[in-house]
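First up is the structure itself, then whatever we jot down about it.
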Amino acid sequence: MLKGKNIILGVTGGIAVYKAADLVSRLKKQNANVEVIMTDAAMEFVNPLTFQTMSNNPVHTSMFNKIDKFDVEHISLAKKADMILVAPATANTIAKVAHGFADNLLTTVIMASHAKIVFAPAMNTEMYNNPIQQENMNKLKKLGYGFIQPGVGLLACGDYGAGKMAEPADIVEYVIDAFVEKDLKGKKIVITAGPTIEPLDPVRYITNHSSGKMGYLLGKEAKSRGAEVVIISGPTSLEAPKGVQVVHVNTTQEMFDAVGEHFDSCDILIKSAAPADYRPENISSTKIKKKDNKEDELNIKFVRNPDIALHYGNKKNKQIVIGFAAETDNLVEYAKNKLEKKNFDFIVANDVTKEGAGFKSDTNIVTIIDNKGEIESYPIMTKSKLSKTILDKAYLILKNKS
Ligand SMILES: Cc1cc2nc3c(=O)[nH]c(=O)nc-3n(C[C@H](O)[C@H](O)[C@H](O)COP(=O)(O)O)c2cc1C
């Protein structure tokens with residue numbers, strides 16, 4: 001994801017410096033070129049050798065090293081950086097940058113660079129909440145510097161509160177996100193995800209195998225491309241993507257109503273949920289008890305639920321509506337029928353009987369059919385990659401419309 005990107009990692013003298021080694025490793029795994037600058041205080045905590053080994057690059061520690069190549073180190077680092085990430089960022093370094101100091105290699109590179117500069121603050125809660133620290137951060141934010149919000153937790157000093165450096169995985173996510181083109185900025189995308197559940201009595205319900213993974217990944221990708229995202233989700237165990245509004249529902253009727261609340265204001269509706277087509281006609285108000293005789297049977301009459309895709313597909317005006325078809329046979333024929341009947345712009349069809357495709361898997365094998373009759377079959381790919389493919393296609397339709 002970060003192939004070809006030069007990340008200068010500024011490591012300053014906070015106790016969270018031990019996490020910075022993990023951060024380098026994670027950035028390298030994303031194929032970034034990482035060069036580390038350490039402050040003198042950082043070197044009191046960790047030897048530069050750690051970062052040299054993790055980054056496979058020499059570590060920069062001083063402005064006044066003997067020049068062995070004919071370039072001025074702070075200028076060449078400043079020029080080559082696609083991003084300068086300071087993690088952990090001490091109160092001291094943030095204050096110096098906020099006031100234009102250039103008294104060590106890191107602050108001088110920051111002053112000399114046009115790259116995106118991002119701080120992951122790490123400090124004691126009292127230091128973090130200190131009005132001077134807050135004012136310094138606000139000043140830098142206004143000037144376009146990025147900040148990765150620290151977490152709340154037990155700090156190394158024994159205090160509990162804000163100031164714990166963001167986890168390396170979250171910092172890497174922020175960095176990747178910063179390089180993603182915001183081509184969906186200003187667009188509102190509504191995504192339905194997961195199964196719905198239809199109650200039989202207070203303790204039982206019927207549902208299906210949908211995990212919600214596809215919908216949540218679509219939400220994450222759309223958010224990182226700048227869209228306002230609402231996920232209307234049936235019950236899942238998934239964590240909401242950062243910055244995405246999740247509306248939790250249980251039944252198909254609730255999902256139908258929730259889509260209705262957002263449909264008029266949305267630009268794209270993606271129907272990746274698997275809502276139940278039927279619900280029990282009557283819901284028992286008490287637990288259904290079995291009888292003692294062996295011939296005991298339970299007959300439940302099911303009635304139709306509203307068809308969310310059909311309703312909103314046919315209601316659309318400016319919206320792009322994208323559907324999914326999970327089939328076990330006659331994939332293209334069923335998907336084409338569904339696309340036409342439900343007035344989708346395109347449909348993502350998959351045969352759930354294939355290995356690597358379907359509900360709980362992290363991969364899928366899909367055929368995308370659009371309303372112009374184009375059919376494209378894709379090889380197996382991760383659902384994360386598929387979410388990009390779907391949004392690329394949606395973006396093109398949006399672009400051609402405007
Ligand atoms: C054990 C220890 C832990 C420290 N942890 C932090 C910290 O988490 N955050 C912080 O802002 N300063 C912390 N400091 C203070 C900084 O090291 C000090 O302000 C130093 O001047 C920072 O220099 P630098 O910003 O050039 O790296 C710590 C100091 C010590 C001795």
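The values are calculated or read from the model by the stated rules, or taken from the named source; none is laboratory data. Small disclaimer: the values here were computed from a predicted structure and weren't measured. Don't worry about glycine lacking a Cβ; one is built from the backbone with ideal geometry, like all the others, and counts go over all protein chains shown. Note: accessible area is taken over every heavy atom of the protein model, side chains too, but ligands, DNA and RNA are not part of it. Shrake-Rupley method; radii C 1.70, N 1.55, O 1.52, S 1.80 Å.
As an equivalent ellipsoid, the range 62-167 spans semi-axes of 28, 14, 12 angstrom, where each value is the square root of five times an eigenvalue of the C-alpha gyration tensor, largest first. Rounded to the nearest 20 debye, the dipole size of the range 6-179 about its Cα centre is 340 debye, using +1 on the Cβ of Lys and Arg and -1 on the Cβ of Asp and Glu.
Share of carbon and sulfur in the accessible area of the range 344-387 stands at 52%, probe radius 1.4 Å.
If you roll a 1.4 angstrom probe over the protein chains with everything in place, what fraction of the accessible area of the range 6-179 belongs to carbon and sulfur, to the nearest %?
Numbers: 4560 of 8450 Å².
Summing carbon and sulfur atoms, their accessible area is 54 percent of the total for the range 6-179.
Computed on the Cα atoms alone, the convex hull of the chain gives a volume of 209 cubic angstrom per residue. Between residue 142 and residue 330, the distance separating the two model label sites (each 7 Å from Cα on the Cα→Cβ line) works out to 6.6 nm. When peptides 329-339, 112-122 are ranked by their average number of other Cβ atoms within 10 Å per residue, the highest-first order is 112-122, 329-339.
What whole-number distance in Å separates the alpha-carbon centres of the range 1-42 and the range 278-334? What the calculation gives is 51 Å, centre to centre. Counting only DSSP beta bridges whose two residues both lie in the range 6-179, roughly 20 percent are antiparallel. State which entries of 28/401; 287/336; 301/388; 338/399; 290/338; 290/383 exceed 32 angstrom in Cα-Cα distance in the structure shown. Flagged as over cut-off: 28/401; 287/336; 301/388; 290/338; 290/383. Straight-distance candidates among the lysines for linking to residue 96, with alpha-carbon spacing under 27 Å and chain neighbours fewer than 8 residues away dropped: 5, 19, 66, 79, 80, 116, 139, 141, 142, 164. Helix 331-341 versus the longest principal axis of the chain: what is the Cα-based angle in degrees, 0 to 90, to the nearest 10? Rounded to the nearest ten degrees, it is 80. The value of relative contact order for the chain, using C-alpha pairs under 8 Å at least six residues apart, is 10 percent.
Straight-line reach from residue 185: which aspartates and glutamates fall under 15 Å, measuring Cα to Cα and dropping same-chain residues less than 8 apart? In chain and number order, the partners are 177, 221, 228, 267, 392. With a cut-off of 13 Å between beta carbons, the residues surrounding residue 333 carry a summed charge of -1, where Lys and Arg count +1 and Asp and Glu -1. Accessible area per residue for the chain is 51 Å², calculated with a 1.4 Å probe on protein heavy atoms, without ligands, DNA or RNA.
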